[in-house]
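Working notes, structure below.
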Amino acid sequence: MNYPSRPTWVDVDLSALNHNLQQAINSCPATQRVLAVVKADAYGHGAIPVTRALQSFGIHDFAVATLEEALELRLAGISDNLLVLGSCFPGQEGAFLQHNLMPTLLDMGTALRLNAEAVSQHRQIKVHLKVDSGMGRVGFLPEQLREFLSKLHEFDGLVIEGFMSHLACADKLNSSVTTDQQGQFRIMLQMVREAGIVPREIHLNNSAGLSGWECPECTMSRPGIMLYGGLPGADFSTVLDLQPVMHLRSCIAQLRQLPAGSGISYGHCYHAADDMQVAVLPIGYADGYNRLFSNCGQGILHRQKIPVIGRVCMDWIMLDVSAVPDVAVGDCVTLLGSADGLSILGDDWAEQLDTISYEVFCRIGSRVPRRYLSL
Ligand SMILES: Cc1ncc(COP(=O)(O)O)c(C=O)c1O
């Protein structure tokens, strides 16, 4: 049966995605390609449509976090280069080979398992060797790299297609950690080269890295957040000109005239000071509209910013529309993104919620349909 969905949705603006991609491309030297990070459902924007759009903008290298995310893209017919940034967990080796996926090689144990599987199938698997140049998370430390390189002759099933690392503090433009990481990255790359390996791809920079730091050895950069219009850090607000891609909208389901003194929503943490007009929207924290916005969120309606009042519920929020003329049931309120020349950015939410725009975008719930605005 065909029926309209609840009037709450996300518009994904693909021309803004292209605009941001061009910013990333312009920030890369001509010798580098963009390896677009589309993990976590393209940071909540929808992995398949976003990847297809990026393909149409000329990108053919993609990174996801998990085998499942990679398989989702393969099943959708996306046959481009796919790097899985997370580990290849025990038992997943065959799937990586079967679907022509490149694992990030993080440790010796994984190297042994992948090699054994590839050799047993009389095949080779391309891997990107990840070193820990100072991130303090995953990847070969210098000693572990030395040990791996000394045993290279035992790994006929592996092709070291890429050499990579990840930056911890590139969002701070004057960070000495990044300078140290760049140095360590070069030293470890030299170790790899001296062992006779010539990786086809070399990459270090995320959005912050490529916007503020150089990597002359690199053949690729791995931007994620900047593609989606989020700043990689406050230091970049004047460096980057990004556009929001995600616009969260919901239409007024009820308009209510309430007398002064009325308590609103759970806990009555808001009381009407005067008679007021309240708009009720069919969206709540189950959709990713954070409960911390109780009494302090905002929406854009008829070229004005209007306040959220009372507690954010699981499925509803209330806004004070007393000052907005000609409001009607069905009018659309933008809670994240832009409308009427005004915006409420992922970075604005992040500041209010004491988090980062990455989390803001990823947390917009799966029950909110995504609509794709084409170019
Ligand atoms: C290994 C790796 N590379 C690249 C990225 C993209 O980073 P950003 O979204 O900051 O550009 C991430 C994101 O977390 C990552 O984990």
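Output the number of residues of the range 200-215 satisfying the condition of being in contact with a helix residue (DSSP H, G or I) (Cβ under 9 Å, 6 or more places away or on another chain) and part of a loop (DSSP other than H, G, I, E, B). Residues meeting the conditions: 6. Taken as a whole, the range 81-102 holds no residue that is under 27 Å from ASP13 (Cβ atoms), hydroxyl-bearing (Ser, Thr, Tyr) and either assigned to a helix (DSSP H, G or I) or in the same structural domain as HIS128 (by TED's automatic domain parsing) (or both).
Pick from GLY337, GLY233, GLY297: which is closer than 16 Å to ILE364 by Cα, crowded, with 16+ Cβ neighbours inside 10 Å and touching a residue at least 60 places away in the same chain (Cβ under 8 Å)? Don't jump to the end; show me each part of the working.
Values: GLY233 fails: closer than 16 Å to ILE364 by Cα; GLY297 fails: touching a residue at least 60 places away in the same chain (Cβ under 8 Å).
None of the other options fit; the residue is GLY337.
Being touching a residue at least 40 places away in the same chain (Cβ under 8 Å) and of a type in the set (Gly, Ala, Ser) is true for just one of ALA95, ALA63. Which residue is that?
Sole residue among the options that is touching a residue at least 40 places away in the same chain (Cβ under 8 Å) and of a type in the set (Gly, Ala, Ser): ALA63.
With respect to the conditions (1) surrounded by fewer than 20 Cβ atoms within 10 Å (Cβ to Cβ); (2) under 17 Å from ALA65 (Cβ atoms); (3) within 23 Å of the chain's Cα centre (by Cα), GLY139 falls short on a single one, namely (1). Of the residues that make up the range 345-352, is at least one of a type in the set (Gly, Ala, Ser) and under 19 Å from LEU242 (Cβ atoms)? Within the range 345-352 (the criterion being of a type in the set (Gly, Ala, Ser) and under 19 Å from LEU242 (Cβ atoms)), the answer is yes, since at least one residue qualifies.
Take the range 216-231 and flag every residue that is in a loop (DSSP other than H, G, I, E, B), closer than 17 Å to ASP61 by Cβ, within 13 Å of the ligand (Cβ to nearest atom) and not basic (Lys, Arg). Answer for the range 216-231, where residues must be in a loop (DSSP other than H, G, I, E, B), closer than 17 Å to ASP61 by Cβ, within 13 Å of the ligand (Cβ to nearest atom) and not basic (Lys, Arg): CYS218, PRO223, GLY224. Filter the range 300-317 down to residues that are touching a Phe, Trp or Tyr at 6+ places or on another chain (Cβ under 8 Å) and aliphatic (A, V, I, L, M) and give me whichever is nearest to SER366 (Cα to Cα). Out of the qualifying residues, it is MET314.
You will find that of LYS126, LYS130, the residue that is of a type in the set (Lys, Arg), touching a His at 6+ places or on another chain (Cβ under 8 Å) and either crowded, with 18+ Cβ neighbours inside 10 Å or part of a loop (DSSP other than H, G, I, E, B) (or both) is LYS130 and no other.
Scanning the range 205-230 for residues being farther than 23 Å from GLN184 by Cα and either surrounded by fewer than 22 Cβ atoms within 10 Å (Cβ to Cβ) or in contact with a Gly (Cβ under 9 Å, 6 or more places away or on another chain) (or both) gives a total of 5.
For the range 171-181, enumerate the residues that are in a loop (DSSP other than H, G, I, E, B) and either charged (D, E, K, R) or at pLDDT 95 or above (or both). Answer for the range 171-181, where residues must be in a loop (DSSP other than H, G, I, E, B) and either charged (D, E, K, R) or at pLDDT 95 or above (or both): ASP171, LYS172.
Select, from ALA63, ALA47, ALA53, the only residue that is under 22 Å from ARG137 (Cα atoms) and crowded, with 21+ Cβ neighbours inside 10 Å.
ALA63
Taking the range 232-336 as the region of interest, the strands (runs of 3 or more DSSP E) fully inside it that hold 2 or more residues being within 30 Å of ARG222 (Cβ to Cβ) and not aromatic (Phe, Trp, Tyr) are 246-251.
Step by step: first the residues of the range 58-72, then only those that are of a type in the set (Gly, Ala, Ser) and under 17 Å from the mean Cα position of the chain (by Cα), then the one that is farthest from GLN92 (Cα to Cα). Which residue is that?
ALA63
In the set HIS166, HIS128, only one residue is in contact with a Lys or Arg (Cβ under 8 Å, 6 or more places away or on another chain) and either within 13 Å of the ligand (Cβ to nearest atom) or at positive phi (or both); that residue is HIS166.
The values are calculated or read from the model by the stated rules, or taken from the named source; none is laboratory data. These numbers were taken from a predicted model, which means no experiment stands behind them. Cβ sites come from the backbone with ideal geometry, for glycine too, and all protein chains shown count toward neighbours.
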